[in-house]
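The values are calculated or read from the model by the stated rules, or taken from the named source; none is laboratory data. These numbers were taken from a predicted model, which means no experiment stands behind them. Note that each Cβ is placed from the backbone with ideal geometry, even for glycine, and that neighbours are counted across all protein chains shown.
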Amino acid sequence: MGESLLLLTIITLIVITIRRARPVILENPVIIQRSGQYHITLAPQLNRAQTFIEQIAKQYIQSHPSERDLPTQYFEVRDPKVFSRGQSSYLLAIASRGGVLYFQAVNPKPKQHAADSHYKTLHEFSESVLQHHPFSGPADEQGAEKLHATVDMIAAQLMIAVQALPSVD
């Protein structure tokens, strides 16, 4: 009787451990909002990017609290922990409006024409999210440089490759 109970307990613990180890990938977009701090919009299957993005927000808000708006910055992120529809990367846009950081993460679209770019895909998505949050004053270019440095620092800590996307307007 005691052996059966012990065996049942061990099997239960193994099953619980295996279930927790498997990452949950969401098939729907995820929106995370921390009032007055940040707003994150994640495309389907990019919910595992949340940790990286929240660390950027936390670090930037702690070290550079600013009410000034930041121009939108665009990045291509290669994170081996984030599996997005077989892609090797995802696209990330970061902006600040009224002291709130806005993050948008999307999967890159397949390029149909030579003129297509990841920047264009991300720019269109970012503008659709930020359309209700226009600039409230002059952009803080120095803050934008600090945000870029924060992204690079957090990426290095987490061993994630991040490349700024050049604007092609």
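Contact map, the stretch 57-71: residues that are β-branched (V, I, T) paired with residues that are part of a loop (DSSP other than H, G, I, E, B), Cβ distance under 7 Å, separation 6+ or inter-chain. Pairs shown: I61/Q37.
Number of residues in the stretch 10-22 that are at pLDDT below 70 and surrounded by 10 or more Cβ atoms within 10 Å (Cβ to Cβ): the value is 0. For the stretch 68-75, the criterion of being β-branched (V, I, T) and modelled with pLDDT under 85 is met by at least one residue.
Candidates are the residues of the stretch 88-120 that are among the charged types (D, E, K, R) and modelled with pLDDT under 80; the one that is nearest to A43 (Cα to Cα) is K109.
Within the stretch 140-148, one or more residues are modelled with pLDDT under 85 and either of a type in the set (D, E, K, R) or assigned to a loop (DSSP other than H, G, I, E, B) (or both). Confirm whether Q55 is modelled with pLDDT of 85 or more, surrounded by 14 or more Cβ atoms within 10 Å (Cβ to Cβ) and not in a strand (DSSP E or B). Considered against the rule, which asks whether it is modelled with pLDDT of 85 or more, surrounded by 14 or more Cβ atoms within 10 Å (Cβ to Cβ) and not in a strand (DSSP E or B), Q55 comes out as yes. Give me the residue from the stretch 42-52 that is outside any loop (DSSP other than H, G, I, E, B) and touching a Pro at 6+ places or on another chain (Cβ under 8 Å) and, out of that set, modelled with the highest pLDDT. Within the stretch 42-52, the match that is modelled with the highest pLDDT is L42.
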